[in-house]
Amino acid sequence: MRRIISLLFIIAVAGLLFSCGTENTGDFKIRLRLPIDNGDCWDDYGDDTYCINPTDQILLTIYSTPDLRQPYEYTDRRLFRVRSTRGQEEFIRSLRSENYYRFFVEVTNANEKLKLTGGIEGIYYDDSRNYEVNLFLGAVGDFVRVVKDRANFDATSLKSYFEFGAGSSGSGATALKNGNLFLSGGYYYEEYMNNAMIFDMPNLTSKEVSPLRVPLKDHAVALLEDDSSTGKVVIAFGEGEGGFSSEVLIYDPESDRYQSLGHKEPLTMARALTIDGEVYIVGGCTPTAPHNKVYKVTKNGELTEYATLRQGRCNHSVADISTTDEEGNINVRLLVLGGSTDAKGENPIANNDNFAEIVTNNVSNPVNIEDRNGEDNAELLSRGLVSSAATRLSWDDRTYGPEVAVVSVGGYLMGGEGDSTFLLTNPNLFIFTEKEGDPDTWVYDINGAPNRCARPSISGIAAGEMSISQFAAVNCGTDEIRRDSTDHQIIFVVQVRKSYDTEYERTIYSASVRDTLMEENRDPLNGVIIDGPTTTNALGQAFVFGTEYVYQISGFAVPE
Amino acid sequence: MNRIASLLIVVLLVTFVFPVYGDEGDQAGGINLKVGKSFYFEGDIQEQIGDDKEESMAEIMRTPFYRTTWFITTVSVLAIAGAAVGIYFATRTEEPEGRVIEW
């Protein structure tokens, strides 16, 4: 009898051991990953510029939402004082099961200067599982290559499908709702590519997904923010082996499938951007003429014609200048600048009246463009501006003038006079703002650019609260207009500062290129970055797609 | 958490299971003693076994429980296990589990 009891007891203990092993779930580990430098952070020989050093502080802010259709809400914040280059701390007692989480980390040095930030989002937490996620910390206002293990960067750099030296030219990219990145198409010398790839940011890995239906370059790509956890990707038009594509597609990252929304004219070099979750596709060129339609893809995936441009154009730039009323309703407005009347960009729009226009409420209206003195010192109206990159910058401090400006970088214009004209790379940075008291006129401030970019892409990064400066990441590429050049490929961050000039009693904007720790603004380990795309996620971090690798430009804070 | 649970379970195992077997063994000896008592008398008659065996068995029957082997073993194991647990908790480095950030 006693033996039987003993046996039962042992069985009970074994059961207890088994249950102890399986019940320990709900653990959540965030592993901070650091940019490449020499060696490890904890050896004596490494460069500690991008390390988390003793005397640094780590601030972790946690946001959550039970449903991704609702915005994230602030949940908690923890500050850790670093005592060692390696450490581990509990950041919260418990996380709510079946909630989505967003984590944002800021690292400051002993002088409380912000040096590294990074974030991940869209993390679904279920307490019946254990989690380990990576959070890459990029340099604030500077570019670094995204890498999982800096000591083993060759094997763990986040890589695209482009091979060494090929670059990401002509490809399209966007950040998904869950923070992952999507990249598609492009070309490699004379070869069009149908590759598509998802970059899984919590795991810092990339994987090829279903290829495009046809190889494409110069297609328009933007995020459609529907109710799904990832959103969907709108892929419109582009150039392929058989000519220009007339199709508008939606890619669903969850099902890894493409769905056609219909066909329009065969176009290339159209531009797409997302406003209030919906996608606007502006212009483009057919093989013979510029196109003047603005299409809209609604959240339920409907392709509609939204407006007609006054001037058909491609190789143009478009910026979101929408306004929000007191009730939170968004009035969609698009500022369309420059461009060409041909797909190759050899014929700039230089007919004065139609250099720029504003699309709003299904109509496109003309807009006057002038400099601060009411003239056109840069001769934008007569020389045009082709393939420049523009993006919106917003200030939350309205003390000194408008809260929205558009910064325009690079591109090229018509040089020379009469019969001896030529294309010249733009040497200026332009900041466009609405003229006070005259919504039909936008004025520009000019600053010289230390680097010329013939075909750049640009995307804003988040600035700190009440900051007088705003920032944007620029994938500059080369200063040569021909697209097969691999010389002097660079990335930089442009800074736009707003201030009040007491002498002239007006707000002025000054743009400059921020200093970088990267020598000559190049990746020292792989300096070729052709005209690839740039995108910014909801955490205000920009990502630039270069040759093989992905680069992160970290913002200063989480955008409001 | 797993380590602590496993350690406690090992202590429980040692505390309860081994004494059960130890107790069973001693009691079996007691039964043998009873059997042996008659056997002794028979044996004593037939094989002339010496008086020292009778004295030894009588001594076992008289031994108080706190001097028994099983009790001392149990107490020793408990003491050692307790010391081990104490040393573990006293010397362990802080390694938070649950929801952690690592750099």
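The values are calculated or read from the model by the stated rules, or taken from the named source; none is laboratory data. Because the structure is a prediction, the values reported are computed rather than measured. Counting neighbours? That spans all protein chains shown, and the Cβs are built from the backbone with ideal geometry, glycine included. We work out accessible area using only protein heavy atoms, side chains counted, and drop any ligands, DNA or RNA first. Shrake-Rupley method; radii C 1.70, N 1.55, O 1.52, S 1.80 Å.
Data overview
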item: Residue check, B:Ile49 modelled with pLDDT under 85, assigned to a loop (DSSP other than H, G, I, E, B) and more than 14 Å from every other protein chain (Cβ to nearest Cβ); result: yes
item: Selection from the stretch A:254-271 of residues that are open to solvent by 30 Å² or more (accessible area, probe 1.4 Å) and either part of a loop (DSSP other than H, G, I, E, B) or not polar (S, T, N, Q) (or both); result: A:Glu254, A:Ser255, A:Asp256, A:Arg257, A:Tyr258, A:Leu261, A:His263, A:Lys264, A:Glu265, A:Pro266, A:Arg271
item: Of all residues making up the stretch A:78-92, the number that are of a type outside the set (Phe, Trp, Tyr), assigned to a loop (DSSP other than H, G, I, E, B) and closer than 22 Å to A:Ile62 by Cβ; result: 3
item: Tally, over the stretch A:65-102, of residues that are touching a residue at least 60 places away in the same chain (Cβ under 8 Å), within 23 Å of the chain's Cα centre (by Cα) and either within 11 Å of chain B (Cβ to nearest Cβ) or open to solvent by 80 Å² or more (accessible area, probe 1.4 Å) (or both); result: 1
item: Verdict on A:Glu305 being surrounded by fewer than 22 Cβ atoms within 10 Å (Cβ to Cβ) and part of a loop (DSSP other than H, G, I, E, B); result: no
item: Enumeration of residues in the stretch A:427-447 that are modelled with pLDDT of 90 or more and open to solvent by 20 Å² or more (accessible area, probe 1.4 Å); result: A:Pro427, A:Asn428, A:Glu434, A:Lys435, A:Asp438, A:Asp440, A:Ile446, A:Asn447
item: Test set (1) at the interface with another protein chain (Cβ under 9 Å from one of its Cβ atoms); (2) more than 26 Å from the chain's Cα centre (by Cα); (3) not β-branched (Val, Ile, Thr) - A:Ala110 fails condition number; result: (1)
item: Subset tally (residues that are within 15 Å of the chain's Cα centre (by Cα) and without any contact (Cβ under 8 Å) to a residue 12 or more places away in the chain) for the stretch A:113-163; result: 0
item: Hits in the stretch A:113-125 - residues which are open to solvent by less than 50 Å² (accessible area, probe 1.4 Å), within 24 Å of A:Glu225 (Cβ to Cβ) and more than 10 Å from chain B (Cβ to nearest Cβ); result: A:Thr117, A:Gly118, A:Gly119, A:Ile120, A:Glu121, A:Gly122, A:Ile123
item: Residue match in the stretch A:374-390 (condition: surrounded by fewer than 23 Cβ atoms within 10 Å (Cβ to Cβ) and within 28 Å of the chain's Cα centre (by Cα)); result: no
